[in-house]
Amino acid sequence: MIYPELIAYFLGSIPFGFIIAKLFFKEDIRASGSGNIGATNAMRQFGTGVGILVLALDILKGVAAVLVAKRLLPSHSPELAIAAFCAILGHVFPIWLGFKGGKGVAVAAGVFVALTPLTVLGALAGFIVVVAITRYVSLGSLAAATALGISNTIIEFKLDRPDYALLILIWIAVIVIFIKHKENISRLKNKTENKISFKKGN
């Protein structure tokens with residue numbers, strides 16, 4: 001028997017930031033910077049190009065997880081939302097790294113690109129504006145997650161039959177992202193959060 005949730009988890013759990021750092025730089029990405037395996041820490045350590053590559057791959061694994069689940073599940077199955085969330089959990093709690101992974105923003109973006117592409121575009125625009133103004137990736141991520149949740153809630157409740165499974169998935173994902181950013185939120189309050197800077201690769 002094929003379990004879409006299990007496939008989604010293992011796709012989401014592929015630690016691209018860790019793999020690229022080990023493969024091309026012979027370093028453990030967790031040993032420096034924020035200790036995170038995601039795109040922001042990859043950018044800080046290895047340059048903008050590497051950061052963009054890690055970001056793209058983390059987004060793509062979220063997209064892939066949802067597309068595979070769609071192929072395996074009946075149309076409009078609420079189980080799709082569970083599989084999508086498993087992809088996010090895979091990134092945040094990857095079995096390969098002792099269940100200590102990233103913050104889930106990029107893979108969540110990929111998941112929702114496959115589920116609700118139009119609202120993701122709006123959230124992405126908000127992310128870009130916030131980061132461009134403040135230079136805080138964490139603040140941009142939190143703003144984008146919140147915008148995604150609010151915009152989808154408004155849209156769904158305007159429909160005759162709201163997709164409650166989707167809304168539950170989105171708001172649980174938002175909560176997970178906020179929890180994973182609790183240290184960033186504390187640093188933002190204390191004005192000690194690191195600002196992003198773009199640099200060429202080493």
Q: State the extension gain, in nm to one decimal, for the chain segment bounded by Ile150 and Lys195, taking 0.36 nm per residue of separation less the distance between their alpha-carbons.
A: 13.6 nm
Q. Considering only DSSP states other than H, G, I, E and B, which chymotrypsin sites (Phe, Trp or Tyr not before Pro) in segment 35-100 qualify as loop sites with at most 12 other Cβ atoms within 10 Å?
A. Phe99
Q) So what J values fall out for segment 69-84 if you push phi through Karplus, 6.51 cos²θ - 1.76 cosθ + 1.60 with θ = phi - 60°, rounded to Hz, Gly and Pro as x? A) 4, 4, 5, 8, 9, x, 4, 6, 6, x, 5, 4, 5, 5, 4, 4
Q: As a check on your grasp of the helix formula, calculate [θ] at 222 nm for the chain: sum -39500 (n - 2.57) over DSSP H runs of n ≥ 4, divide by the residue count, round to the nearest 500.
A: -22500 deg cm²/dmol
**Q.** Peptides ranked, highest mean first, by Cβ atoms within 10 Å: ranges 133-146, 26-39, 183-196
**A.** 133-146, 26-39, 183-196
**Q.** Segment Ala56-Lys182, length gained on full extension (0.36 nm per residue, minus Cα span)
**A.** 42.9 nm
Q) ³J(HN,Hα) across segment 92-100 via Karplus (A = 6.51, B = -1.76, C = 1.60, θ = phi - 60°), whole Hz, x for Gly/Pro? A) 6, 10, x, 4, 6, 10, x, 6, 10
Q. Around Ala69, what is the net charge, scoring Lys/Arg as +1 and Asp/Glu as -1 over all other residues with Cβ under 9 Å from its Cβ?
A. 0
Q. Which number comes out as Rg/Rh for segment 139-202 once both Rg and the Kirkwood Rh are worked out on C-alpha atoms?
A. 1.15
Q | Surface/4 estimate of mean projected area, convex hull on alpha-carbon atoms of segment 4-190, nm² | A | 10.5
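None of the figures in this text is laboratory data; all of them are computed from the coordinates on show. Keep in mind that what you see is a predicted model, and the values were worked out from it rather than measured. Don't worry about glycine lacking a Cβ; one is built from the backbone with ideal geometry, like all the others, and counts go over all protein chains shown.
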